[in-house]
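The values are calculated or read from the model by the stated rules, or taken from the named source; none is laboratory data. Bear in mind the structure is a predicted one, so any value in this text is a computation, not a measurement. Note that each Cβ is placed from the backbone with ideal geometry, even for glycine, and that neighbours are counted across all protein chains shown.
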Amino acid sequence: MYVSLHNRSAYSFGTALTTPEQLVEFAVRHHMPAIGLTDLDGLYAAIPFYQACRAAGIHPIIGAEITVQCGPGGGCGTGFQPVHPVRVTLLARNITGYGNLCRLVSLRQLREQLLRIEDLREHAQGLICVGGIAQPFGLAAEQLAGLRAAFGEDFYLELVIHDPEGTTVARRLAEVADELGVPVVATCESRCLAREDHLLLRALSSVGTLTLLDQPHPDKPVGTWHLRTPDEMQRLFGRRPDALDNTLAIAEQCDLRLDLDRNRFPPSSAPLGRTAMQHLRELCVAGCRWRYVDTLPQKGIGGKRPTLDEALQRLERELAVIDEVHYAEYFLVFHEIVQYCRSQGISSLARGSAADSLVCYALGVSHACPFRFDLPFDRFLNPERARFSKMADIDLDLPW
């Protein structure tokens, strides 16, 4: 039995062609019980992939491909000079692992430097690591030891064959893994659906690297990178049945269940003993005083300036709807973003239907008075819209 674990999707922009739906269709067509999605340094397609898998009766395996510094300062082994980065694939075993994967992806995107082995070790819980090996080959044993120290029994050495030379490299890596007692797993990372898609993949990578179609470049894939069928993998790795069996063993360990039936917002920064809704109301009342008592009227066209009592009456109506649809944390997140922008001298501007909300105006998220321009809150948010899971979006523009 073989399960394809290492697959990039078209959401890894400029490096792959396969859509999440095509991955799922491939698994169904070839009777795979599960299939993996591992985009580069991100979880861009995780949710549509998860939903497509559940709809088709396929077990989803969500992960990401992360590049890690391996050498002095990177914590991968000791006593050797800097080498090429190590590319590892991290798969979420459960919701804890998914949370740690999200944190690692965020760290990777926010840092200019690559992640270190120490970062992986701090967020290893709930994750399975399928690791590759950087060149030179002679350092393979030391790199393996560093990765295994971070993940313990949840570390597997990845065997891939993309070209004839890959067969020899995979055989040597398997020998090193056997000496160290590290389990191996056959993956053959895919970036396109079928063999006939390779020309299009070459064209895509040429655009991304600004090179001619047949011009070599370190970031252009060489060899075959299509989704391999179980029969193809059997021909490539028939002498290492354990490498194929371990794909199923890993798939069985990954049991990630995402609750997508309700909105989930970051926890609010409400003071101790105060709920998110109570904190939001306090901020909005203070904001109304700031807008309609402490601040001079806006100049230019528009309607009347309300009294504080009129503003507070509308505020309570809006807050009642926000409380009913459980969006308090959502508004508090935007308040925190705007407050941070203001403290850093960064301009911000809310547009669209969010400007219809007095709550947004009181929080400083928008700058258009809904009284002055006669803007109806119901166009932005109402219980009927929330009942159909139509998220009320706040478009916030920031200078680049």
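Here are the numbers:
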quantity	calculated
Helices (runs of 4 or more DSSP H) (entirely within the range 239-336) containing at least 1 residues that are in contact with a helix residue (DSSP H, G or I) (Cβ under 9 Å, 6 or more places away or on another chain) and at positive phi	none
Any hit, the range 266-273, residues being surrounded by 14 or more Cβ atoms within 10 Å (Cβ to Cβ) and of a type in the set (S, T, N, Q)	yes
Strands (runs of 3 or more DSSP E) within the range 127-219 that include 2 or more residues farther than 30 Å from His30 by Cα, of a type in the set (A, V, I, L, M, F, W, C) and in contact (Cβ under 8 Å) with a residue 12 or more places away in the chain	none
Boolean, Arg314 is modelled with pLDDT under 90 and out of contact with any strand residue (DSSP E or B) (no Cβ under 7 Å at 6 or more places or on another chain)	no
Some residue of the range 187-202 being of a type in the set (A, V, I, L, M, F, W, C) and within 19 Å of Arg240 (Cβ to Cβ)	yes
Residue within the range 14-33 that is assigned to a strand (DSSP E or B), in contact with a Phe, Trp or Tyr (Cβ under 9 Å, 6 or more places away or on another chain) and either at pLDDT 95 or above or not aromatic (Phe, Trp, Tyr) (or both) present	no
Residue tally, condition farther than 20 Å from Ile161 by Cα, at pLDDT below 95 and either in contact with a strand residue (DSSP E or B) (Cβ under 7 Å, 6 or more places away or on another chain) or of a type in the set (Gly, Ala, Ser) (or both), over the range 199-224	1
In the range 349-370, the residues that are touching a residue at least 40 places away in the same chain (Cβ under 8 Å) and either in contact with a His (Cβ under 7 Å, 6 or more places away or on another chain) or surrounded by fewer than 19 Cβ atoms within 10 Å (Cβ to Cβ) (or both)	Leu349, Arg351, Gly352, Leu363
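Conditions tested, residue by residue: (1) surrounded by 13 or more Cβ atoms within 10 Å (Cβ to Cβ); (2) among the charged types (D, E, K, R); (3) over 18 Å from Ala368 (Cβ atoms).
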residue	(1), (2), (3)
Arg264	no, yes, yes
Ala276	yes, no, yes
Leu283	yes, no, yes
Glu310	yes, yes, no
His326	yes, no, yes
Val333	yes, no, yes
